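The values are calculated or read from the model by the stated rules, or taken from the named source; none is laboratory data. Note that this is a predicted model, so its numbers are computed, not measured. Cβ sites come from the backbone with ideal geometry, for glycine too, and all protein chains shown count toward neighbours.
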Amino acid sequence: MPSPPRLSFLDLDFDPLDAFMAAQAMADRARRGDGFAYVATPNVDHMVRLEQQPELRTLYEDAWLTLCDSRILEVFARISKLALPCAPGADIVEMLFLGHIRPDDVVLVIGGSQSQADRLRTDFGLKNLRWFDAPHGLRTNAAARAACVNFIRNNPAHYIFLAVGSPQQEMIAREAREASCTGVAICCGAALEFLSGETRRAPEWMRQARLEWLHRLASEPGRLWRRYIVDGPRIFGIWRRWQAAQRRSSARSAAMVTSPH
C-alpha cells in the first residue's frame, strides 16, 4: 500500500503515518529486501535543535520515513489544520518486536548495553540479535561512526535499531545508506530501554494526556532538566514564527491571484 503524501510542517517534510502503519511499512520493506532505508523520528527536542543547527536538516530529509514522535507537535499540527499523527518511536519498536520480527531474522542493535541486548534476545526468542557497543564521541568522531557503519555492512540484517541518541543515530543511518548497507533502520533513542524493562516508560494515561515528557523529567531530572525546562519551550516560538511565515506566504499567493494583469 503506498504511503500518503508527505506534509510540510515547521519546514520539515513528515510522513503522516501512525505507529501501526509505520511498523507495517518497515516490516514490508524488510521482507522485500530493498537495500538500505532508515526511519527518523523527530520530536520537540529535535525540532529545537534543527532551528539552531539547520545543517542537520538533511539527516531528516534523506530518511526514507520521517515520523512525528511527539504528541505536542501533533497538537500544534492539528491547530495548523494538518493531520499529522503522532508515531512514537517506542511504540513502533514495540510493535516490530511483538508483531513482525521473526526468531530467525537478523536484528542489529547499535548502542545500549550488553545486558539490554541479552534481555531482548531472551524475551523475544531471537536467534540472530547482534549487539554493537558503539564508541563514544560519535557526533564529532567520523572513525567512531565508521565503526558502526562497518558493523552494519558486515552483518547484513533485516532490522537495525540505532540507539545512540540524536543526532548521532541519524548521522550513522545516513552514512550507512551511503555505504550501500542493507536492512531497515530506525533511529530509536531510548525505545529499547523501555522495551527491555531497563527504564520504566510513562503509564498509558500520561501518554494519552501528552505528559510523557513529565514522567521522563521526573525519572531523570539531572540528565533531562535542560531538555524539557530550558530548550523544549522554545518550540512555541518556532511554531509561532512558522505560522506567521505561512500566513505571509498565503497572503502573497492571494495577492498574485487577484492582481490585475
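Determine whether Arg240 is assigned to a helix (DSSP H, G or I) and more than 21 Å from the chain's Cα centre (by Cα). Step through it out loud before you land on a result.
Details: assigned to a helix (DSSP H, G or I): yes; more than 21 Å from the chain's Cα centre (by Cα): yes.
In short, yes.
Within the span defined as the stretch 142-155, every residue fails to be basic (Lys, Arg) and under 19 Å from Ala25 (Cα atoms). Scanning the stretch 2-12 for residues that are exposed (fewer than 14 other Cβ atoms within 10 Å of the Cβ) and either of a type in the set (S, T, N, Q) or touching a Leu at 6+ places or on another chain (Cβ under 7 Å) (or both) turns up Ser3, Ser8.
Taking the conditions exactly as written (of a type in the set (Val, Ile, Thr), farther than 17 Å from Val44 by Cβ and more than 14 Å from the chain's Cα centre (by Cα)), does Val75 satisfy them or not? No: the conditions fail for Val75.
Restricting the stretch 177-194 to residues that are of a type in the set (A, V, I, L, M) and under 16 Å from the mean Cα position of the chain (by Cα) leaves a set whose member that is surrounded by the fewest Cβ atoms within 10 Å (Cβ to Cβ) is Ala190. Look through the stretch 202-225, keep the residues that are assigned to a helix (DSSP H, G or I), closer than 17 Å to Ala90 by Cα and modelled with pLDDT under 75, and return whichever of them is farthest from the chain's Cα centre (by Cα). Taking the candidates together, the pick is Trp205.
Does the stretch 46-55 include one or more residues that are buried (at least 22 other Cβ atoms within 10 Å of the Cβ), modelled with pLDDT of 95 or more, over 18 Å from Ile186 (Cβ atoms) and over 14 Å from the mean Cα position of the chain (by Cα)? Give the steps one after another, and end with the answer.
Taking the stretch 46-55 and keeping what is buried (at least 22 other Cβ atoms within 10 Å of the Cβ), we get 46-47.
Filter once more, keeping what is modelled with pLDDT of 95 or more: 46-47.
Within this subset, residues satisfying the condition of being over 18 Å from Ile186 (Cβ atoms) are 47.
From what is left, the residues that are over 14 Å from the mean Cα position of the chain (by Cα) are none.
Checking the stretch 46-55: not a single residue is buried (at least 22 other Cβ atoms within 10 Å of the Cβ), modelled with pLDDT of 95 or more, over 18 Å from Ile186 (Cβ atoms) and over 14 Å from the mean Cα position of the chain (by Cα).
Looking at the structure I just gave you, is Pro85 outside any helix (DSSP H, G or I), farther than 26 Å from Asn155 by Cβ and of a type outside the set (Lys, Arg)? For Pro85, the condition - outside any helix (DSSP H, G or I), farther than 26 Å from Asn155 by Cβ and of a type outside the set (Lys, Arg) - is met. On the given criteria, is Asp15 more than 20 Å from Arg227 (Cβ to Cβ), among the acidic types (Asp, Glu) and buried (at least 19 other Cβ atoms within 10 Å of the Cβ)? For Asp15, the condition - more than 20 Å from Arg227 (Cβ to Cβ), among the acidic types (Asp, Glu) and buried (at least 19 other Cβ atoms within 10 Å of the Cβ) - is met. Scanning the stretch 25-41 for residues that are touching a residue at least 60 places away in the same chain (Cβ under 8 Å) and crowded, with 16+ Cβ neighbours inside 10 Å returns Met26, Ala27, Arg29, Ala30, Phe36, Ala37, Tyr38, Val39, Ala40, Thr41. The set of residues from the stretch 88-142 being assigned to a loop (DSSP other than H, G, I, E, B), within 17 Å of the chain's Cα centre (by Cα) and either under 22 Å from Pro203 (Cβ atoms) or of a type in the set (A, V, I, L, M, F, W, C) (or both) comprises just one member, Pro88.
Yes/no per residue for (1) at pLDDT below 95; (2) of a type in the set (A, V, I, L, M); (3) assigned to a helix (DSSP H, G or I):
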| site | (1), (2), (3) |
| --- | --- |
| Pro4 | yes, no, no |
| Pro16 | no, no, no |
| Ala22 | no, yes, yes |
| Asp28 | no, no, yes |
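Scanning the stretch 102-119 for residues that are crowded, with 22+ Cβ neighbours inside 10 Å and either at pLDDT 95 or above or hydrophobic (A, V, I, L, M, F, W, C) (or both) turns up Val107, Leu108, Val109, Ile110, Gly111, Ala117.
Note on the stretch 146-167: residues that are part of a helix (DSSP H, G or I) and surrounded by fewer than 23 Cβ atoms within 10 Å (Cβ to Cβ) total 7. For beta carbons closer than 8 Å, sequence separation of 6+ or different chains, a first residue in the stretch 142-157 that is closer than 12 Å to Val109 by Cα and a second that is in a loop (DSSP other than H, G, I, E, B) and among the charged types (D, E, K, R), the qualifying pairs are Ala157/Asp105.
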